Amino acid sequence: MVTTLKLPGPVARSIIERDRAVISASYPRAYPFVMDHGKGCEVWDVDGNRFLDFAAGIAVVSTGHSHPKVVKAIQDQAERFIHISSDYYHEKWVQLGERLHQIAPFEEPASSFMTNSGTESVEAAIKLARYHTGRSQFIGFLGGFHGRTMGALAFTASKNHYHKGFFPLMNGVVHVPFPDPYHPFLLGKPGEPYGETVVRYIEEQVLGKVIPADEVAGVLVEPVQGEGGYIVPAEGFFPALRELCDRHGILLIVDEVQSGMGRTGKWWAIENFGVEPDIVCAAKGIASGVPLGAMVARRRIMNWPKGSHGNTYGGNPLACAAALATIELIEENYLENATRVGALARERLEAISARHPSIGQVRGLGLMLGVEFVKDLQTREPDEHLRDQVVDLAFERGLLLLGCGKSVVRISPPLCVSAAEIEEGLEIFEEAVRLAEEYVRTPAA
Ligand SMILES: Cc1ncc(COP(=O)(O)O)c(C=O)c1O
């Protein structure tokens, strides 16, 4: 039984008013949820309303809100020391490097550079790729999201408002279409898998006509596009891209900030496609919400000398303690849970899709699932307005969702989500879809 909440409540309303006076207006607030506390996949707002969280703070709280083992790890570390800086050493930082070496998606030994966010992991990868190859140019993908600092921003191409007012960006990035199988943009040869068409476009049109391959340092790509619409790349893409990179000495850099740390049921989404990258960018789910990122590279590639890159907080002890606890929990339970409960969620979403003509496609891997809303199943024209309605209606019924792409809702709950929570959340989701279809599609009397 789905009930409707009166939102925002009075306490939330007053905090939002105070926020307006003192906090930057640039933050992309989705709806008026003001958090009080959370446990696992449940969160409560300051007026005592309970919600299921299928957004996980943008795929960040991988082990759920305030997992007791993560809380204990942070508490224990806080009592010993909170900070020492990257001019010194401490053991948890080394342990985290050892764990990342174990789980890195390549056979060779790995080295890690710790950061405080996703965008900083991407910045570090850009710098390392330039340093290691001695080349300056890059290839990025339309629809990609890599962060908002000047280097990462030059790659971000999911919406033009990220760039508006901020030119000039870092130069040296050429964007190509992402191999989106639902909205293919290029015309392939008969029988050619669409993923291979995109790589052929890179080779023939970009390398052949714009930038010589021997000036390209790296290709930066999300194995599953996140902000761009939870898009799983078309068949044939990654093997062909890896082959192209190998042939020209170009580094394959995967941005796993959103798709990594078990979200797709494997440590890294790239493992779903049978190729090994050279550099991996991580953040979000790595420390269950404590700000931490990592740029993990093949050790032979991370050949920059002392002083060439660094930061004050890198390897922060609280963040490392949280990350070590997070990795243990994901390894013990949540990789398997993401696969099992992700399959259940996928099945339920497919069934909902069959009942609702506004849903064009359900896609994704593990617990990184996207539902795309369209105006017409044949033309696949995105229905952004209906998607926005679904998100708002779900919120008013106690479910936190976030949009992505033009007209997609992402389902990215904490990796500890239970089957019962999926059933409960998707019941609310379907009710929101039903109401949105009624409001948006029914002609006014
Ligand atoms: C794939 C990807 N890369 C990079 C970033 C940037 O991360 P942050 O916001 O921590 O800088 C994000 C954030 O959404 C992301 O999804």
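For the stretch 384-418, a residue qualifies if it is part of a loop (DSSP other than H, G, I, E, B) and within 18 Å of P181 (Cα to Cα), and the qualifying residues are G405, K406, S407.
Among the residues of the stretch 154-170, those that are closer than 17 Å to G405 by Cα and either of a type in the set (K, R) or not in a loop (DSSP other than H, G, I, E, B) (or both) comprise F155, K159, N160, H161, Y162. For beta carbons closer than 8 Å, sequence separation of 6+ or different chains, a first residue in the stretch 143-166 that is in contact (Cβ under 8 Å) with a residue 60 or more places away in the chain and more than 18 Å from I58 (Cα to Cα) and a second that is within 11 Å of the ligand (Cβ to nearest atom) and part of a helix (DSSP H, G or I), the qualifying pairs are F155/V122.
The residue that is farthest from L244 (Cα to Cα), among those in the stretch 150-170 that are surrounded by 15 or more Cβ atoms within 10 Å (Cβ to Cβ) and polar (S, T, N, Q), is S158.
The stretch 270-376 holds strands (runs of 3 or more DSSP E) entirely within its bounds, and those carrying 1 or more residues that are in the same structural domain as E431 (by TED's automatic domain parsing) and over 22 Å from E107 (Cβ atoms) map to 359-365, 368-373. As a summary of the residue check, G314 satisfies the conditions (1) at pLDDT below 95; (2) away from the ligand (no atom under 16 Å from the Cβ) except for the one numbered (2).
If you filter the stretch 240-262 down to residues that are away from the ligand (no atom under 16 Å from the Cβ) and not aliphatic (A, V, I, L, M), you find that the one that is surrounded by the fewest Cβ atoms within 10 Å (Cβ to Cβ) is R247. Only residues that are part of a loop (DSSP other than H, G, I, E, B) and buried (at least 20 other Cβ atoms within 10 Å of the Cβ) were counted in the stretch 138-149, giving 5.
For (1) crowded, with 16+ Cβ neighbours inside 10 Å; (2) away from the ligand (no atom under 16 Å from the Cβ); (3) of a type in the set (A, V, I, L, M), each residue gets a yes or a no:
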{"residue": "T4", "(1), (2), (3)": "no, yes, no"}
{"residue": "Y27", "(1), (2), (3)": "no, no, no"}
{"residue": "H37", "(1), (2), (3)": "no, yes, no"}
{"residue": "L52", "(1), (2), (3)": "yes, yes, yes"}
{"residue": "A55", "(1), (2), (3)": "yes, no, yes"}
{"residue": "A59", "(1), (2), (3)": "yes, no, yes"}
{"residue": "H65", "(1), (2), (3)": "yes, yes, no"}
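Among the residues of this structure, V94 does not count as one that is within 12 Å of the ligand (Cβ to nearest atom), part of a helix (DSSP H, G or I) and in the same structural domain as P184 (by TED's automatic domain parsing).
Pick from D47, D53, D19: which is without any contact (Cβ under 8 Å) to a residue 24 or more places away in the chain and among the acidic types (D, E)?
On the way: D47 fails: without any contact (Cβ under 8 Å) to a residue 24 or more places away in the chain; D53 fails: without any contact (Cβ under 8 Å) to a residue 24 or more places away in the chain.
None of the other options fit; the residue is D19.
If the condition is being closer than 21 Å to M368 by Cβ and polar (S, T, N, Q), then the stretch 42-87 contributes S62, T63.
In the stretch 227-239, is there at least one residue being buried (at least 18 other Cβ atoms within 10 Å of the Cβ), closer than 24 Å to R130 by Cβ and either away from the ligand (no atom under 12 Å from the Cβ) or at pLDDT 95 or above (or both)? Yes, the stretch 227-239 contains a residue that is buried (at least 18 other Cβ atoms within 10 Å of the Cβ), closer than 24 Å to R130 by Cβ and either away from the ligand (no atom under 12 Å from the Cβ) or at pLDDT 95 or above (or both). Can you confirm whether V280 is within 16 Å of the ligand (Cβ to nearest atom), touching a residue at least 60 places away in the same chain (Cβ under 8 Å) and buried (at least 20 other Cβ atoms within 10 Å of the Cβ)? For V280, the condition - within 16 Å of the ligand (Cβ to nearest atom), touching a residue at least 60 places away in the same chain (Cβ under 8 Å) and buried (at least 20 other Cβ atoms within 10 Å of the Cβ) - is met. The set of residues in the stretch 242-289 being among the aliphatic types (A, V, I, L, M) and within 16 Å of the chain's Cα centre (by Cα) consists of I253, V254, V257, M261, A269, I270, V280, A282, A283, I286, A287. Every listed requirement among (1) touching a Ser or Thr at 6+ places or on another chain (Cβ under 8 Å); (2) outside the structural domain of V219 (by TED's automatic domain parsing) is met by T119 save one, (2). So the check is Cβ under 6 Å with 6+ separation or different chains; which pairs have a first residue in the stretch 117-129 that's more than 7 Å from the ligand (Cβ to nearest atom) and a second one that's assigned to a helix (DSSP H, G or I)? Going by the 6 Å Cβ cut-off, the qualifying pairs are E123/G151; E123/A152; I126/G151. If you filter the stretch 101-137 down to residues that are part of a strand (DSSP E or B) and over 21 Å from the mean Cα position of the chain (by Cα), you find that the one that is surrounded by the fewest Cβ atoms within 10 Å (Cβ to Cβ) is S111.
Residues in the stretch 263-276 that are within 28 Å of I211 (Cβ to Cβ) and away from the ligand (no atom under 14 Å from the Cβ): F273, G274, V275, E276.
The values are calculated or read from the model by the stated rules, or taken from the named source; none is laboratory data. The structure presented is a predicted model; accordingly, all values stated were derived computationally and were not measured. Because the Cβ atoms are built from the backbone with ideal geometry, glycine has one as well, and the counts that use them run over all protein chains shown.
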